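What follows is a set of notes on a single structure, which appears directly below.
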Protein chains: 2
Amino acid sequence: MTGRTVRDIGEFGLIKALREALPSGARGGRGIELGIGDDAAAWRPSEGESELVTTDSLVEGVHFRLEWTDWLSLGYKALAVNISDIAAMGGVPRLALISLGLTGDEQVANLTEMYQGIGDAAVRFGVVVVGGDVVRSPEEMAIHVTVIGETRGGQYLTRSGARPGDLISVSGTLGAAAAGLALLQLSLDDARRQTTTAEVLIGAHLRPEPRVDLGALLLKSGATAAMDLSDGLYGDLQKILSASDVSGSVDLALVPVAAAVRALFKDEYLAMATRGGEDYELLFTISPDLFEEIGREADAVGAQVTAIGEVVEKSADGPELIVRDMEGVERVENTGAFDHFRRV
Amino acid sequence: MTGRTVRDIGEFGLIKALREALPSGARGGRGIELGIGDDAAAWRPSEGESELVTTDSLVEGVHFRLEWTDWLSLGYKALAVNISDIAAMGGVPRLALISLGLTGDEQVANLTEMYQGIGDAAVRFGVVVVGGDVVRSPEEMAIHVTVIGETRGGQYLTRSGARPGDLISVSGTLGAAAAGLALLQLSLDDARRQTTTAEVLIGAHLRPEPRVDLGALLLKSGATAAMDLSDGLYGDLQKILSASDVSGSVDLALVPVAAAVRALFKDEYLAMATRGGEDYELLFTISPDLFEEIGREADAVGAQVTAIGEVVEKSADGPELIVRDMEGVERVENTGAFDHFRRV
C-alpha cells in the first residue's frame, strides 16, 4: 500500500487529519467548552465549575535519555510538563494518571525513584496521583501522563484571545533548557561542562518549573491569551497568532536570555532563546495598561515578566510573526514549531 | 548496577512498589474518594458530582498486531476498553484524551481510519475526544487513552464491597475473545478459520462491547462490587476477593461459555472462559434476592447475567478462590491474573 506517511505530513498535519476523521459528535457537544487544539481541553460537568484536562508523554530516546537524566528528575519533569499546560490556562492542577510503557528490564529501584520525583512535583503543586496503567513496551520506555485541573471561577486562558495593541510577554528567561540540552550533548571533558553554570542550565532542562501561580495571576489580571513555551518562542507564538487570527512583532533585543546562556553559547544564545524548547515559561498577551500592574504582582509570585513585542492586525496573507533582529531589520518568521516527525 | 527488575517482580508487584514510592500527600487528599487500584479513580471536584477517571493503553506487538486487526477495529477497541472501566463502576463516560506514539512510518490514511473507529465508539457511547498528544515512538506504535466519566448521583461501584452470601455473577458469555485470538494465531488454511463462527469470535476479540447500560443497572440495583473482565475470570475475581477481604467459590458447570467457543475448541474452551482475557463482560457480586430482579432488567438492556458462585467468609489463609470443577471436585485456584511482565 502506498500513501502519505506521518513523516510526510508531519505532526501538525497529522493532528489536523485525525481531528477531521472524528465525526462532529465525537469532537464536541454538551458541556465541552474547548476541545482539541489548546494547552488543555475545558469542559463543564453537569454541575459545578469547569475543568481542564491535558495529556503529554515522554518517550525514551525522543524526549529523554536515561544516560542524561537521573530518575528523580525524569519523574518530576513528566508530571511538571503536564502541570505546565494547566498553569498556562490559569487553572489549578488536581489529579494525575500515569501510564508507563516498560520493557521489563528496568530496575525497580530506578522506577520507584522516578515515582519519588513524580511525588515531589505532585506534593509541590497539590496534585494527587489517582491511577494509571503499566504496559509492556518492548523497545523503549515511555511515560504518559494525564492531568486534570480545575478552573478558577469557571474562567481560563486560551490561545485565541490576543488582540491588536496587546503586548506580547514572557515570564522568566528563555534558552536555559536548550542550553542545558546542548551541554548534555557535549563531551564530558569540554570546559563548558565543568562550570557551575552548566549545572544550573542542565537543571533547567531536567527539572522545569511550571508557572502555576503566575498562570493564576494572568487569568485574574486580564491577560488575553496564554500558553506555555514547550516548542520554542517562535513556533509557540505562531500558535497564539494563528489561533487569535492576528499578527505579532517581536523585538529580539527585548527577549530575556539568561546570562549563563549568553556566557556559554556566544553564537547560539539567541537561537536557543527563540527556537529552543522546554523552558516552560509562560507566553502571554495583555493590554499595555494591565501589563504594568502585572509586573509588580508577578514579582510577588517569584516570576518576572518581560514585554518583547506587540500584537498587530493580521496582514493580507493572514497571521504573521514579524521579528526585528538586533540590527533593527524586520523579517517575517515562518519556520513553525518543532515538529517531532518532519525534522527527523 | 544490580537489583530487581520489573520482570523479576511482575506487573502487580511493580504497581504496589510505585504506589508506595509516592508520598502520602500525592496519593490522596481533599476530594479524592478512590485512588490507585480500582477500575477507575473517583474524585469529587469542589462543587458537583463525583467523577471517574481511567487510563488504558494498547501497544503494538503486545496488545495488538497490525496484521491481525483492521484500523477501524483498533481505534474502536482502544476507546472501548477504557469506556469499559467506567462502565464497570456504573458511570457515564464523557471525555477522552488520546495520546499516540508513532514511528512516523504509519500511513496517514490508516491512522485516520483508526480515528474513525475511535469516533464510532465515541458517538455510540456519548464520549467526546477533547485532546491528546502525538509523540514519536521509534520502535512500535502505541495508543494511550484516558477517559473521564461522571458518576450517577455521586455513587459508583468498586471492587471492595463483596459480602459473604452474595452471588458471584457475570454478564454475557466468556471465552469468545480468547477464542478469537486463538483463531488469529492459527494458520489461515486451518479448517476452523473458514467458519462463519470464526468471524464472530475474531470480532469479539477485535471489537469488544463495553457494558455501559448494564453497569448503570448494577449500580442502581444494589450490586456490592463490580469490575470488567479484562485479564480473565480467575485473575479478575481474585482482585475482587482480595479488595473485599472475602473468599469466593465458583462452580465451573455454571460458567456461561459461548456455544461457538465450545464447538471450535473442545479441549480448551473452559480454559478460555476462565483464564482468557479481554471479554470486557462485567463480573459482579450481589445479594441473592436482588439478583433475581436484576436478571429481568438486564435482559432489557441486552445483557444476560448468570450466577456462577458465591462469596463466603475468607479462610484462615485469607481471601481464596475455590473452584468446583466439572466432576464436582473443589480446589483452590491461585494463579492470579495475567501478568504482562512475568510470563514473557
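Restricting attention to the range B:150-169, which residues are at pLDDT 95 or above and open to solvent by less than 20 Å² (accessible area, probe 1.4 Å)?
Within the range B:150-169, B:ALA162, B:ASP166, B:ILE168, B:SER169 meet the criteria.
Taking the range A:87-105 as the region of interest, how many residues are out of contact with any strand residue (DSSP E or B) (no Cβ under 7 Å at 6 or more places or on another chain) and either at pLDDT 90 or above or open to solvent by less than 10 Å² (accessible area, probe 1.4 Å) (or both)?
0
Taking the stated definitions as given, is B:GLY35 surrounded by fewer than 16 Cβ atoms within 10 Å (Cβ to Cβ), of a type outside the set (A, V, I, L, M) and at pLDDT 75 or above?
Against the criterion (surrounded by fewer than 16 Cβ atoms within 10 Å (Cβ to Cβ), of a type outside the set (A, V, I, L, M) and at pLDDT 75 or above), B:GLY35 does not qualify.
Which of the residues that make up the range B:99-118 are of a type in the set (A, V, I, L, M) and over 19 Å from the mean Cα position of the chain (by Cα)?
Residues satisfying the conditions are B:LEU100, B:LEU102, B:VAL108, B:ALA109, B:LEU111, B:MET114.
So B:ALA42 ticks every box in (1) within 21 Å of B:LEU97 (Cβ to Cβ); (2) at pLDDT below 80 but one. Which box is left unticked?
(2)
Name the residues in the range A:249-287 that are under 11 Å from A:ALA176 (Cα atoms) and more than 21 Å from the chain's Cα centre (by Cα), would you?
A:ALA259, A:ALA260, A:ARG262, A:LEU264, A:PHE265
Only one of these conditions is not met by A:TRP71: (1) surrounded by 19 or more Cβ atoms within 10 Å (Cβ to Cβ); (2) modelled with pLDDT under 90; (3) over 18 Å from the mean Cα position of the chain (by Cα); (4) more than 7 Å from chain B (Cβ to nearest Cβ). Which number is it?
(2)
If A:THR285 meets every condition in (1) open to solvent by less than 10 Å² (accessible area, probe 1.4 Å); (2) in a helix (DSSP H, G or I) apart from one, which number is that one?
Among (1) open to solvent by less than 10 Å² (accessible area, probe 1.4 Å); (2) in a helix (DSSP H, G or I), A:THR285 violates only (2).
Assuming B:ASP299 fulfils every condition listed in (1) without any contact (Cβ under 8 Å) to a residue 40 or more places away in the chain; (2) outside any helix (DSSP H, G or I) apart from one, which condition is it?
(2)
Which of the residues that make up the range B:170-190 are open to solvent by less than 40 Å² (accessible area, probe 1.4 Å) and among the hydroxyl-bearing types (Ser, Thr, Tyr)?
B:SER171 - this is the single residue of the range B:170-190 that is open to solvent by less than 40 Å² (accessible area, probe 1.4 Å) and among the hydroxyl-bearing types (Ser, Thr, Tyr).
Of the residues B:SER57, B:SER84, which single one is among the hydroxyl-bearing types (Ser, Thr, Tyr) and more than 7 Å from every other protein chain (Cβ to nearest Cβ)?
B:SER84
Tell me which residues, restricted to the range B:10-39, are over 28 Å from A:GLU139 (Cα atoms) and in a loop (DSSP other than H, G, I, E, B).
Hits for the range B:10-39 are B:PRO23, B:ARG27, B:GLY28, B:GLY29, B:ARG30, B:GLY31, B:GLY35, B:ASP38.
Among residues belonging to the range B:3-17 that are open to solvent by less than 30 Å² (accessible area, probe 1.4 Å), within 22 Å of the chain's Cα centre (by Cα) and facing chain A (nearest Cβ under 7 Å), point out the one that is farthest from B:ASP85 (Cα to Cα).
Ranking the qualifying residues of the range B:3-17, first place goes to B:LEU14.
Within the range B:106-127, which residues are open to solvent by 10 Å² or more (accessible area, probe 1.4 Å) and of a type outside the set (Lys, Arg)?
B:GLU106, B:GLN107, B:ALA109, B:ASN110, B:THR112, B:GLU113, B:TYR115, B:GLN116, B:ASP120, B:VAL123, B:PHE125, B:GLY126
Any residue in the range A:182-199 that is touching a residue at least 40 places away in the same chain (Cβ under 8 Å) sitting within a Cβ distance under 9 Å of a residue that is of a type outside the set (D, E, K, R) and open to solvent by 70 Å² or more (accessible area, probe 1.4 Å)? List the pairs, counting only those 6 or more apart or interchain.
A:THR197/A:ALA259
Taking B:ASP325, is it on the phi < 0 side of the Ramachandran plot, in contact (Cβ under 8 Å) with a residue 24 or more places away in the chain and not hydroxyl-bearing (Ser, Thr, Tyr)?
Spelling it out, B:ASP325 is indeed on the phi < 0 side of the Ramachandran plot, in contact (Cβ under 8 Å) with a residue 24 or more places away in the chain and not hydroxyl-bearing (Ser, Thr, Tyr).
Pull up the range B:318-344, narrow it to residues that are in a loop (DSSP other than H, G, I, E, B) and at pLDDT 90 or above, then point me to the one that is farthest from B:LYS239 (Cα to Cα).
The residue in question is B:GLU327.
So which residues in the range B:135-149 are hydrophobic (A, V, I, L, M, F, W, C) and either within 21 Å of the chain's Cα centre (by Cα) or open to solvent by 10 Å² or more (accessible area, probe 1.4 Å) (or both)?
B:ALA142, B:ILE143, B:VAL145, B:VAL147, B:ILE148
So, in the range A:237-282, of the ones that are among the charged types (D, E, K, R) and in a helix (DSSP H, G or I), which residue ends up most open to solvent (accessible area, probe 1.4 Å)?
A:ARG275
The values are calculated or read from the model by the stated rules, or taken from the named source; none is laboratory data. Bear in mind that the values here come from a model prediction, so they are computed numbers and not experimental data. Cβ: placed from backbone, ideal geometry, glycine included. Neighbour counts: every protein chain shown. The accessibility values were calculated without ligands, DNA or RNA, using every heavy atom of the protein model including side chains. Shrake-Rupley method; radii C 1.70, N 1.55, O 1.52, S 1.80 Å.
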